[in-house]
Amino acid sequence: MKILVGVKRVVDANVKVRVKSDGTGMDLANAKMAINPFCEIAVEEAIRMKEAGVADEIIAVSVGPQVCQEQIRTALALGSDRGILVETEGQTDPLAVAKIFKAIIEKEEIDLVILGKLSIDTDNNQVGQMLAALCNYPQGTFACSAEIKEGKVEVSREIDGGEQTVLLDLPAIVTTDLRLNEPRYASLPNIMKAKKKPIDIIQPSDLGVDISSNLKTLGIEAPAERSAGVKVESVAELVDKLRNEAKVI
Amino acid sequence: MAILVVAEHDNSSLKPGTLNAVSAAQQIGGDVNVLVAGSDSRAVVEAAAQLTGVVKVIHADNACYEHQLAESVAPLVAEFGKNHTHVLAAATTTGKNLLPRVAALLDVAQISDIVEIKSEDTFVRPIYAGNALATVQSSDSIKVLTVRTTAFADAVIGGEAIIEDTDFGVEQGSTKFLGETLSVSARPELTSASIIISGGRGMQDGENFVLLEKVADKLGAAIGASRAAVDAGFVPNDYQVGQTGKIVAPDLYVAVGISGAIQHLAGMKDSKVIAAINKDEEAPIFQVADYGLVADLFKALPELEELLTD
């Protein structure tokens, strides 16, 4: 079984990002960048399947500028076998990313695609579902468990109010939620070995994909700041304020 | 031309998020049609037909829609979506699972989690866990949008829409529904509760959530949790409030033993009043709290319960 995982380069989850003063975007100069945490979970899940003997090869794919090779290298150090960078400049719409993945799936004859449910920068939560539609594949989104069973994948999904379990024929698309697994760290020997693993660099046009966008970002602004209120001295004062000042209880 | 809202339901009742999606559709302007895809779901159709502003309810009643699987529902929504200018659904796990699939079938973009409508083609949505708001304009022929439910009022009852049945059904064998485990609680649902009390890592273990439950019972509140509390296994994931959990905006949010990571604030900072109890006076949660109490929660919670009894 061949698995494709997506790795997106995003600002590190611990960095507090701010809007640029001119409203054109986020101030990311010198910010630490990392693999999107949900993509990291996708890579980990694929590696576990390979370790369990149900997967043979893991291909890590990123869509973005040249520097995204760093995140592909990390995925290779963690245990992916090879990488593909589809080179684009700036932001690529989720639909275009899904079209790129579809073209790679067809070329590489992929059985299972594991993607993060969302990236922590754009918060879209779209690519997996769009890819499933384009390929007419089943989708197991927001997965908290994924198990290969006799040529199918059984996925438990995080839904409002609980969990849903579905059984999907392969090929299928799975997107990861937080509880799916806890990703490992890459060991130094594996980081060294990863330097020898191949990364193909291709253009969207090589795949016949048009990445033009019908969306235009008119501006980005900081949300209204909530200011700190008052400190109360006791539980009794808190209850009094909530009851008589805020009138919410 | 009209706007299509996809109803969310459990075949017997309409989920509250649909009311917010309908009111967002009314703000865009034009006739609002609601699509109900379900199995044995007549009661849902009747509820949707009573919403003010809804002109038509399209009812697809077919066994293949029983569990609202995106693989079955998306082709139906795309088929009817073609005759509409906008397709909307609540940004719940159901809506988020479905609408990107619909958008891809229509070969258009999807805009996630809108919090404001500027015009019929321009929308505001949070990015970077709510640290920024992006204003996005779409030139697609059909705009496919998920709606942040806390940002739009509930549509009210008072209409009388016509009902149109369709036998459009998509049998697909590649996805099989195996089961669902839903937590059963007598408390209000997190996303629609007017008071929420949430616990964080400071609760120390799951058993201590009993302390929160006792207070919640007095207040008629729902119980939430931070990601740290969920990761530590104190409570199930569906309690989670935050960037990756539920987005809430109750009248009162009480954060107990929650430090206030940006990912958590992303899920609750639109609450009308925020109260925080934390023993660390430097905790970032105090920067957004209207009322902050620096105290040991194990002493404060029983005292709070007692004071609320009076």
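Give the residues of the range A:102-123 that are of a type in the set (A, V, I, L, M, F, W, C) and closer than 22 Å to A:Met1 by Cα, sorted by residue number.
If the condition is that a residue be of a type in the set (A, V, I, L, M, F, W, C) and closer than 22 Å to A:Met1 by Cα, then A:Ala103, A:Ile104, A:Ile105, A:Ile110, A:Leu112, A:Val113, A:Ile114, A:Leu115 are the ones that fit.
If you check every pair at least six apart or on different chains, which have Cβ atoms under 9 Å apart with a residue in the range A:1-25 that is free of Cβ contacts under 8 Å to residues at least 40 places away in the same chain first and a residue that is among the basic types (Lys, Arg) and surrounded by fewer than 14 Cβ atoms within 10 Å (Cβ to Cβ) second?
Within 9 Å, the pairs are A:Asp12/A:Lys32; A:Asn14/A:Lys32; A:Val15/A:Lys32.
Results for (1) buried (at least 24 other Cβ atoms within 10 Å of the Cβ); (2) within 14 Å of chain B (Cβ to nearest Cβ); (3) outside any loop (DSSP other than H, G, I, E, B), shown as yes or no for each residue.
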| residue | (1), (2), (3) |
| --- | --- |
| A:Glu70 | no, no, yes |
| A:Leu76 | yes, no, yes |
| A:Leu85 | no, no, yes |
| A:Phe101 | yes, yes, yes |
| A:Asn124 | no, yes, no |
| A:Ala132 | yes, yes, yes |
| A:Phe142 | yes, yes, yes |
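Does the range A:156-175 include one or more residues that are in a strand (DSSP E or B), of a type in the set (Val, Ile, Thr), within 11 Å of another protein chain (Cβ to nearest Cβ) and touching a Lys or Arg at 6+ places or on another chain (Cβ under 6 Å)?
Yes.
Just one of B:Val34, B:Val57, B:Val87 is within 14 Å of another protein chain (Cβ to nearest Cβ), outside any helix (DSSP H, G or I) and in contact with a helix residue (DSSP H, G or I) (Cβ under 6 Å, 6 or more places away or on another chain); which is it?
It is B:Val87.
Of the residues B:Thr146, B:Thr191, which single one is closer than 30 Å to B:Ala222 by Cα and either at pLDDT below 95 or touching a Cys at 6+ places or on another chain (Cβ under 9 Å) (or both)?
Exactly one of B:Thr146, B:Thr191 is closer than 30 Å to B:Ala222 by Cα and either at pLDDT below 95 or touching a Cys at 6+ places or on another chain (Cβ under 9 Å) (or both), namely B:Thr191.
Okay, residues lined up against (1) surrounded by 22 or more Cβ atoms within 10 Å (Cβ to Cβ); (2) of a type outside the set (S, T, N, Q); (3) at the interface with another protein chain (Cβ under 7 Å from one of its Cβ atoms):
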| site | (1), (2), (3) |
| --- | --- |
| B:Asn97 | yes, no, yes |
| B:Val102 | yes, yes, no |
| B:Ala109 | yes, yes, yes |
| B:Ile114 | yes, yes, no |
| B:Ile117 | no, yes, no |
| B:Phe123 | yes, yes, no |
| B:Ile127 | yes, yes, yes |
| B:Asn131 | no, no, yes |
| B:Thr135 | no, no, yes |
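Which ranges mark the strands (runs of 3 or more DSSP E) fully within the range B:209-310 that have 3 or more residues being more than 9 Å from chain A (Cβ to nearest Cβ)?
Correct list: B:222-225, B:252-256.
Just checking, does the range A:14-24 include any residue being assigned to a helix (DSSP H, G or I), more than 29 Å from A:Ile211 (Cα to Cα) and more than 14 Å from the chain's Cα centre (by Cα)?
No, every residue in the range A:14-24 fails to be assigned to a helix (DSSP H, G or I), more than 29 Å from A:Ile211 (Cα to Cα) and more than 14 Å from the chain's Cα centre (by Cα).
The values are calculated or read from the model by the stated rules, or taken from the named source; none is laboratory data. Since the model is a prediction, treat every value here as computed from it, not as a measurement. No Cβ is skipped: glycine too gets one built from the backbone with ideal geometry, and neighbour counts run over all protein chains shown.
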